[in-house]
1. Identify, please: which residue in the range 509-524 is surrounded by 20 or more Cβ atoms within 10 Å (Cβ to Cβ) and in a strand (DSSP E or B) and is, among those, nearest to the ligand (Cβ to nearest atom)?
2. Restricting attention to the range 525-539, which residues are more than 8 Å from the ligand (Cβ to nearest atom), touching a helix residue (DSSP H, G or I) at 6+ places or on another chain (Cβ under 6 Å) and either of a type in the set (Gly, Ala, Ser) or not in a helix (DSSP H, G or I) (or both)?
3. With the range 302-412 as the region, which helices (runs of 4 or more DSSP H) entirely inside it contain at least 3 residues that are under 27 Å from ASP104 (Cβ atoms)?
4. Looking at the range 408-461, which of the residues that are over 23 Å from LYS395 (Cα atoms) and among the acidic types (Asp, Glu) is nearest to the ligand (Cβ to nearest atom)?
5. Please enumerate the residues belonging to the range 61-78 that are over 26 Å from the mean Cα position of the chain (by Cα) and touching a residue at least 12 places away in the same chain (Cβ under 8 Å).
6. Any chance you could count how many residues in the range 343-397 are among the acidic types (Asp, Glu), farther than 18 Å from VAL526 by Cα and within 14 Å of the ligand (Cβ to nearest atom)?
Amino acid sequence: MSEMKKPVYKPNREFAASARIKNMCEYETLQAWATEDYEGFWGHFAKEKITWQTPFDTVMDESDFPFVKWFGGGRLNVSVQCIDRHLQTRKNKAAIIFEGDRGDKQTITYMELHNSVNRFANMLKNEFGVRKGDRVVIYMPMIPEAAYAMLACARLGAIHSIVFGGFSAEALRDRIADAQAKVVITADGAYRKNKPYMLKPVVDKALEGDTPVEKVCVVERNGEEIVWVEGRDVSYSDLIVKQSIHCEPEIMESEDPLFLLYTSGSTGKPKGVQHNSAGYILWAQMTMEWVFDVKESDIYWCTADVGWITGHTYIVYGPLAMGATTVMFEGVPTYPDAGRPWKMVEEYRINQFYTAPTAIRVLHKMGNDEPKKYDLSSLKVLGTVGEPIDPPAWKWYYEDVGNSKCAIVDTYWQTETGGHIVSPLPGATPIKPGCATFPLPGIMAEILDPKTGEKVEAGEGGYMCVTRPWPAMIRGVWGDEERFKKSYFGDVKKEGRAVYFTGDGAVYDEDGYITITGRTDDVINVSGHRMGTAEVEAAINKHEGVAEVAVVGKPHDLKGEGIFSYVIMKNDTVTGRNMELTKEINNIIKQEIGNIALCDDIVFVPGLPKTRSGKIMRRILRAIAKGEAITQDISTLEDPSVVEKIQNAVNT
Ligand code: PRX
C-alpha cells in the first residue's frame, strides 16, 4: 500500500464517558454478540426498543431469500412508536423545532404533534377515503406539515411516497403512476432566499391526462395564487379544522409496508425502494441512539430534505422514535449569509449537527470565518452523509466548526439500507478523516472480491456488501420482484450464497478501517444525491436534434461530482461547446427530471468510444472528462481514432 498513513483522532473523553457505546471494547462485544447469535441480538433490541401491540414470535425468516421477514407475528404502529408512547413522559417536550427560510419559528411539542398528526390522519381517512395499503404521494416543502403527512400515513397504514420538491412534473408523474397513488399532498409553494417559489403548478402539470390521483390536498405556505381544479383540489386549512384529534392507529404487521422512496439506479427509471414497518423503525431508532448519541435534553439538527432518505430516517422517523427534539429547516444554509447554520446552532444550542460534505464545502468556501462569530460550544457530534468528505472540508468542519472536540461521524449508507450501516461511534471509534470506519453493531458489512466472494486484503479494492439481511434492509422494488433480485443480489456470492451488494467500491486500510471509494456502476453522486446516467441520457435524447448521448460523472470542487455529457447531434457538424444547444438540452433536463440533473458541461462530439459489440467504454469518457491521459488499450474499439477526436472536442 502506497497510501500515506492517515492521522487518528481519539474520541473526546468528556463525551465518551456518557456515550451509549463508550469504547471499542464495547463495540466489539456487541458485534461479537451479533456474529454469534444474530437472531438473539436483533430480538433483544426489537423487544427493548419497540412498543409492540402484539409481541413478535420469530425474529428472522429468510426461507424465501432475498425476500426476508423480520419480527413475524409482531404488530405495531409506527406513529405510536414516534408519538403516542412518548406522551406520558414527554408531552410538553419539543418534538419538532421549525425554522422557516425567513426566520419564522415554531416549536411543536409531542402533544401538539400528536394532535396535528391525528387530525391529518382523520382528514385523509374521512375526506379522501385513504385506507391501509393505499399510496399517498407527498410533494412538499420543508415545513412541519410534511412530517404530519408522513406520520398520518403511518397511522392509517397508508404507504407514503415522498417526491423531493426539486423534481419536475415529469419525474413526479412517473412516480405517481408507478405507485398508483390516489392522493397527492402538496403546498402552494414555499420560500427560498426570502422569495416565494411554487409547487402546486408542478403537481397540476404532473396530473394532466390520465392519472390515478383523485384528490390533491394543498397546504398554504406562501399564499401565492394557484389554480384550483374543482372536485380534485382541496384546501388543507379548510378541512383540518373539522377533524378530531383522536384517530385510532391501524395496527400493522411487522412487515406491512411503511413507505416507498424512489431512487436512481444504473439502468432504467428510478426504483420504488420499499421499506416496511418494524425493521425500519427499529434501526432508525437504534442508529439515532448509537451514532448521534442524542441525550434526553439534546437538540438535534439534520439539514437534509424530507424528500431524501436522510430526511425520512434522520429528521422524522429516527429522532421521533427515540423521543428526541428534531430541528426542521426550510431555508438554504447560505442565506442570508453563510453563517446561518452557525447562528441557528448558537440560538437553539444544537448538540448534534448532520449535513452533507457538499454543504460543508460551500459553507467553508463562502464563510470560512463565520463559525468563529458564533458560540458553537453546544456541539458534540458532527455528522456527514451522502458522499465522501475531502480532507480540507473535514479539517474545517473538525477544527473551525467543532473546535477540535467533536466527533465527526462519516455515516455511510443508502436509500436501500434504511439507516447507517458503516459509521464511527462518537465516544468509541478513533476517527480517521474520510473513513466511514467500521460496520455498526449487527451489520455484517464486508468488502468482498466480486469474483471469489472472499473478503479482500487491506489495500485491495473490492465491493461493499452486506452478507446477512438486517432489519432495515430494502424489502422490494415496488411492483418488480425481478428488478429487486437483479439489482442487489445478482453480483456477488459469498460461499455460494448471494449477498446484498451496495453498488459501491471500498477498501480496508491496515487497521481494518473502511473507506468508500465510490460507485462501481453508472450512478453519479451529485451533491450527495444519486443520479442515474441512464435517466439523464433518456432526458437528453428527447431533444430532437440529438442522435446519441453518453453521460459520465466528473469530479467537481463543490458538488463532489458534476454531470458531464457527450452528445452526438444528428447534424454532426456541431463539435466542441455550443451555448445555445447546451441551454436547450438543459431545459429539457429541467422539464424531465429537475434542476438537480442539469449538466455542468456538454461537449458535442463526432462519435463515442464503442467496442465492436457496440458497448460504450465509459471509462475512457470519464478519463477524457477529467483531462487524464488514456492509458488503457483502445485497440479493441471499433474506431480507435474517435478518442483523439473526442479529446479535441473537449479541449476546444
Ligand atoms: O455511493 C454511496 C454514497 O451515496 C450512495 C447512496 O445514495 P442515496 O441512496 O441517495 O442515499 C444518500 C444518503 C444516505 C451510496 O451508494 N454515500 C452515502 N454515504 C456516503 C457515501 N459515499 C461515501 N461516504 C459516505 N459516507
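Computed from the coordinates by the stated procedures, all read-outs in this text should not be read as laboratory data. None of the values given here were measured: they were computed from a predicted structure. Cβ: placed from backbone, ideal geometry, glycine included. Neighbour counts: every protein chain shown.
1. Here the answer is ILE516.
2. Within the range 525-539, SER527, MET531, ALA539 qualify.
3. Correct list: 318-321, 340-348, 357-366.
4. Restricting to residues being over 23 Å from LYS395 (Cα atoms) and among the acidic types (Asp, Glu), the top hit is GLU416.
5. GLU62, GLY72, GLY73, GLY74, ARG75
6. Residues that pass the stated criteria total 0.
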